[in-house]
Amino acid sequence: LVLDSEYDQLKREILDLENKYDFLNSKFSPSKTIGFKPSKNFKKSLHRVPMLSLDNAFHENDLINFEKKITNFLSINKDSEIFYSVEPKIDGISASLTFKNGEFVKGLSRGDGKEGEDITENLKTIRDIPKKINAKYFPEEIDIRGEVFIQNSDFKNLNEKFANPRNAASGSLRQKNPDETKKIPLKFIAYTFGYEKGLAVNNQSDFLSKLDDWGFKTNPLNKLVKGIKNLMKNYQEIEKKRANIDFDIDGIVYKVNNFAMQKRLGNVANAPRWAIAHKFSSNKAVSKILDIEIQVGRTGALTPVAKIKPINIGGVIVSNATLHNEDEINRKDIRIDDTAVIERAGDVIPHILSVNKQKRSKNSKKFIFPKNCPSCGSETIKEFNNITKKVDAVRRCSSEGYYCDKISIEKLKHFVSKEAFNIDGFGKKIVENFWKLKFIKYPQDIFNLDFSEIENLEGWGKLSVQNLKYSIDQKKTISLERFIYSLGIRHIGLENAKLLSKHFVSFSEFKKLSKQNDYEDMLNIDGIGETQVNSIKSFFSNETNKQVLNELEKVLLIKDAIQNSDYGKLKNITFLVTGKLNGISRAEIKSLIEENSGKTLSSVSKKLNFLIIGEKPTKKKVDYARELKIKVIDQVEFLKMLNKTS
Ligand code: IVH
């Protein structure tokens, strides 16, 4: 028996030795015969600053909303025109290149955004990547980030069979032998940075021109634009030119140009508030609906899916299209055997735009949506949404937790997914397979698998089983926030899981919810509302869920949430804002409080330390705060607490 840490240490030593001495790198090496992943030959490495993704916009309205959110957050005039750095979005593979004292020392793939693969040697074969930069004011240390891609003209001349230039770029970047990568004419265009030390630039457009000075390639179509109307104009121009550009672009990225504004805006989950990708319109095609299937999702939602006669839409073979929900089918009167227009936009699941009623045969019948769950037979319901005061468009299986097989399978898929437990090599197919074989039914079963049984299955061998065991063992230590997210409680996505994790700090505190009735306390968490609390309540009222928690606790090490409260000036201090502030939004004050380890509450209670009041505060809140002898301060006094003046 060895400790995980010893094991990791040994593994690292062996890999290092193998890297140094070729003769050690044999197929009998422990690195290939004991719980390793030999198929993935690249070392993993953490990004010092995460690589974020971007939210998508499709229509002018999405852009208007994007800008509205920005002006709201920054609390600036709605009509103030913001400058954007406008950059065509190349559809390639992103990479992060670390330079130390001007030297290219390490290159990582994006990976999951937090951790990438070390593909330094392959990246070094790319001509566009400077290996040594002598420019005078080049930062002491910086991660330059950009896109690796293949030009369409070069792609045509490739002999390799790749479906599209993007796959070709990805495939050649992941060659084991850099000499193979070198044969492919990869290009690199730089557009942002991660960690930096000594970068003296105030905005994105200046940064882009610095990149040029330093010897990087930047996109020649980059621009500085203000006003949504002008963004739209540029979008239409580029879309027209698109076919004649020698690299694939799938949209245009807009970034708030000013770095100080970017910094204030910050991120939500893993996308910045200060940038958005304006995607190009989709591709459409006509095909026939062969059947309509009802899928049952993790939250019990019944989603109708059209099985269509396979058709090529923009280079991808499409055979499924979502029909969204019961209402959508009724509204568009979609039926089996209909001829339909199918749309595929970006990475979004294809959907049915419309059906041609003229082409319908006489005996065509209206599609009747099932009233019972196709998986477990339970009654289905449409919920009444208390906030919108409308009946939900989605019909759901009314069974609870793990009673419905389909729901359970989907819960397990969610449990192992990238943002939850992220178990390498344990994908959806394996969940389905192991489920059928009755190896798994509840999440804890994943950690109690009988590996000797798996080894006897077709397609599995000693090595692949060892790899699986290794991946599972590695994920037995998990952060509280990921853990909460992985439970798949309805309405508790990544952001809310983070809030809950911060609030409860430890698993034992979180688990107390199964005994106590004081759910109201969670309403104090700014961002958690009644919908979420009710959903958590219902989760904990289910005996199976409680059992799952108990069993998981036995096999996992759930790490306490890291509290930055040790450092911040506002440690253990709680705030609530009422009224309109001047030059700063609620959201920004909230981020400021949290950055400094304080907490924001959502109502006045004994737990509140400070009530911050702006113009026209809610009288009730102020009166109640005074009654409870809570300190009432204004914006200036608050900022003074942080030694800020404005
Ligand atoms: S900025 C801070 N700029 O888009 C936001 N990304 O969905 C993230 N991409 O993974 C990066 N062109 O692969 C940025 N000019 C550009 C880009 C760009 C293409 C890709 C990149 C990233 C993805 C985000």
If you check LYS263 against the conditions, is it within 14 Å of the ligand (Cβ to nearest atom), under 29 Å from the mean Cα position of the chain (by Cα), surrounded by fewer than 19 Cβ atoms within 10 Å (Cβ to Cβ) and part of a loop (DSSP other than H, G, I, E, B)?
-> no
Tell me, which residue of segment 172-202 that is part of a helix (DSSP H, G or I), buried (at least 18 other Cβ atoms within 10 Å of the Cβ) and of a type outside the set (Val, Ile, Thr) is farthest from the ligand (Cβ to nearest atom)?
-> SER172
Yes or no: ASN517 part of a helix (DSSP H, G or I) and not hydrophobic (A, V, I, L, M, F, W, C)?
-> no
Sort out which residues of segment 538-559 are exposed (fewer than 14 other Cβ atoms within 10 Å of the Cβ) and of a type in the set (D, E, K, R), and write them in order of number.
-> GLU543, LYS554
Residue by residue through segment 552-568, note down the ones that are at pLDDT 90 or above and either basic (Lys, Arg) or within 26 Å of LEU74 (Cα to Cα) (or both).
-> LYS554, LYS559
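Among the listed residues PHE58, PHE149, identify the single one that is surrounded by 15 or more Cβ atoms within 10 Å (Cβ to Cβ), within 25 Å of LEU224 (Cα to Cα) and either without any contact (Cβ under 8 Å) to a residue 12 or more places away in the chain or within 12 Å of the ligand (Cβ to nearest atom) (or both). Lay out the reasoning, then the answer.
Working: PHE58 fails: either without any contact (Cβ under 8 Å) to a residue 12 or more places away in the chain or within 12 Å of the ligand (Cβ to nearest atom) (or both).
Residue meeting the stated conditions: PHE149.
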In this structure, does ILE342 turn out to be at pLDDT 90 or above, away from the ligand (no atom under 16 Å from the Cβ) and surrounded by fewer than 17 Cβ atoms within 10 Å (Cβ to Cβ)?
-> no
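Kindly evaluate ASP8 against the criterion of being at pLDDT below 75 and either surrounded by fewer than 19 Cβ atoms within 10 Å (Cβ to Cβ) or assigned to a helix (DSSP H, G or I) (or both).
Yes.
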Scanning segment 600-630 for residues that are surrounded by 13 or more Cβ atoms within 10 Å (Cβ to Cβ), without any contact (Cβ under 8 Å) to a residue 60 or more places away in the chain and among the charged types (D, E, K, R) gives LYS621, ARG626
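Residues of segment 272-320 being within 16 Å of the ligand (Cβ to nearest atom) and either in contact with a Leu (Cβ under 9 Å, 6 or more places away or on another chain) or assigned to a loop (DSSP other than H, G, I, E, B) (or both), which ones? Spell out how you get there, then give the answer.
The initial filter retains those residues of segment 272-320 that are within 16 Å of the ligand (Cβ to nearest atom), namely 272-280.
Of everything in segment 272-320, those that are within 16 Å of the ligand (Cβ to nearest atom) and either in contact with a Leu (Cβ under 9 Å, 6 or more places away or on another chain) or assigned to a loop (DSSP other than H, G, I, E, B) (or both) turn out to be PRO272, ARG273, TRP274, ALA275, ILE276, ALA277, HIS278, PHE280.
May I ask you to say which residue of TYR403, TYR442 is modelled with pLDDT under 95 and closer than 30 Å to THR380 by Cβ?
Being modelled with pLDDT under 95 and closer than 30 Å to THR380 by Cβ holds for just one of TYR403, TYR442, which is TYR403.
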Of the criteria (1) buried (at least 17 other Cβ atoms within 10 Å of the Cβ); (2) within 13 Å of the ligand (Cβ to nearest atom), which one VAL268 fails | (1)
How many residues of segment 74-118 are assigned to a loop (DSSP other than H, G, I, E, B), within 13 Å of the ligand (Cβ to nearest atom) and not charged (D, E, K, R)? The answer is 3
Inspect segment 457-471 for any residue being under 24 Å from the mean Cα position of the chain (by Cα), of a type outside the set (D, E, K, R) and under 20 Å from ASN542 (Cβ atoms) and give the result as yes or no.
-> no
Does VAL225 satisfy the condition of being outside any loop (DSSP other than H, G, I, E, B) and touching a Phe, Trp or Tyr at 6+ places or on another chain (Cβ under 6 Å)?
-> yes
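The values are calculated or read from the model by the stated rules, or taken from the named source; none is laboratory data. This one's a predicted model, so the numbers in the text were calculated from it and none came from an experiment. With ideal geometry, Cβ positions are generated from the backbone for all residues, glycine too; neighbour counts draw on all protein chains shown.
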